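The values are calculated or read from the model by the stated rules, or taken from the named source; none is laboratory data. Because the structure is a prediction, the values reported are computed rather than measured. Reconstructed Cβ throughout: ideal geometry from the backbone, glycine too, with neighbour counts over all protein chains shown.
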Amino acid sequence: MRGLGGKGVLVTGGTSGIGKATARRFLEEGARVFVCGLEGVAATLTELAGLGEIAGTACDVSREEDVARLVTEATGFLGAVDVLINNAGTAWREPFLEITPAHWDALMRVNLRGMFLVAQAVSRAMVAAGTRGAIVNMSSTNGLGGEAEYAHYNASKGGVLLLTKTMAVELGAHGIRVNAVCPGYIRTPLNASITPDDAFVAAYERDHIPLGRAGHADEVAAAYAFLASDDASFIHGAELVVDGGQLAIM
Ligand code: NAP
């Protein structure tokens, strides 16, 4: 990809699954990377250290004080945050009729409030520094259609899409591009934790995904890298679906 070498890239949720694959991809592109997560920071830094300049910190993106510290530490390491990969998120399965207000709030705190807090803090830093940066928010195919037993997750990811478009409208004048990715079913630790068993996955791949397989984390990392790169210099306020054709099915 053009224009990623030497860039400072912050990847939230960069300690597992799609986020870790993304940290790896940006290092391979010659970028400098700062990651955050809840549990996996030390292990990720050990795993990826040989690939380039990387640092990180533990941070709960749903907490304002954590996010303020995150942006300060990331800016200190990177010099400036040129690219934000706003990726951290969680999911669990729960029938709509059984979701409690507490469960609704717990999911929204991470997936929508956390996404907003990080996006706003980094955008403010970019505007203050005059950085003509790129932000890519993590939505999902679940932000474009209503999968059963994921009402709170679907609503959070739909919210991310309109957060993305509104940010694009307001931040374009500052030279900050904002887009979203919408992955379908990707093999990650998160999905392994909420998928019943291998037979379920095999049936899902056969019946719901025209390419006949789940996606890999590095296939989403490639979409993130493209949208952050100069190759996407006129793509703004858009969502890029990475789903093996799942949404093409009637
Ligand atoms: P994953 O392997 O579980 O990774 C989730 C990452 O988010 C981890 O780095 C985790 O940190 C971090 N995280 C979770 N809660 C956090 C919090 N409150 N504050 C900071 N970091 C937090 O899951 P994944 O599948 O790669 O998911 C990454 C993103 O992709 C999520 O937003 C998810 O909704 C989205 N997505 C996934 C799929 C899929 O099929 N897998 C499809 C569409 C969208 P630790 O591991 O360090 O605790």
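Here are some notes:
- Filtering 63, 69 for residues that are out of contact with any Gly (no Cβ under 9 Å at 6 or more places or on another chain) and of a type outside the set (S, T, N, Q) leaves a single hit, 69.
- Output for the range 179-193, where each listed residue is among the aliphatic types (A, V, I, L, M), in contact (Cβ under 8 Å) with a residue 24 or more places away in the chain, surrounded by fewer than 21 Cβ atoms within 10 Å (Cβ to Cβ) and more than 7 Å from the ligand (Cβ to nearest atom): none
- Residues within the range 199-227 that are charged (D, E, K, R) and under 14 Å from the mean Cα position of the chain (by Cα), tallied: 2
- Unique match (being within 16 Å of the ligand (Cβ to nearest atom), among the small types (Gly, Ala, Ser) and within 25 Å of residue 7 (Cβ to Cβ)) among 223, 214, 238: 223
- Which listed residue is crowded, with 23+ Cβ neighbours inside 10 Å and touching a Lys or Arg at 6+ places or on another chain (Cβ under 6 Å), from 140, 156: 140
- Test result for residue 176, closer than 29 Å to residue 38 by Cα, touching a Lys or Arg at 6+ places or on another chain (Cβ under 8 Å) and surrounded by fewer than 19 Cβ atoms within 10 Å (Cβ to Cβ): no
- Residue satisfying all of: in the range 122-131; assigned to a helix (DSSP H, G or I) and away from the ligand (no atom under 15 Å from the Cβ); farthest from residue 170 (Cα to Cα) among these: 129
Here's the yes/no breakdown for (1) touching a strand residue (DSSP E or B) at 6+ places or on another chain (Cβ under 7 Å); (2) more than 27 Å from residue 218 (Cβ to Cβ); (3) not in a loop (DSSP other than H, G, I, E, B):
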residue	(1), (2), (3)
104	no, yes, yes
111	no, no, yes
115	yes, no, yes
120	no, yes, yes
145	no, no, no
156	no, no, yes
173	no, yes, yes
182	yes, no, yes
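- Screening the candidates 160, 122 for the property of being β-branched (Val, Ile, Thr), at pLDDT 95 or above and over 15 Å from residue 90 (Cβ atoms) yields one hit, 122.
- Screening residue 134 with (1) within 18 Å of the chain's Cα centre (by Cα); (2) within 16 Å of the ligand (Cβ to nearest atom) gives one miss only, at (2).
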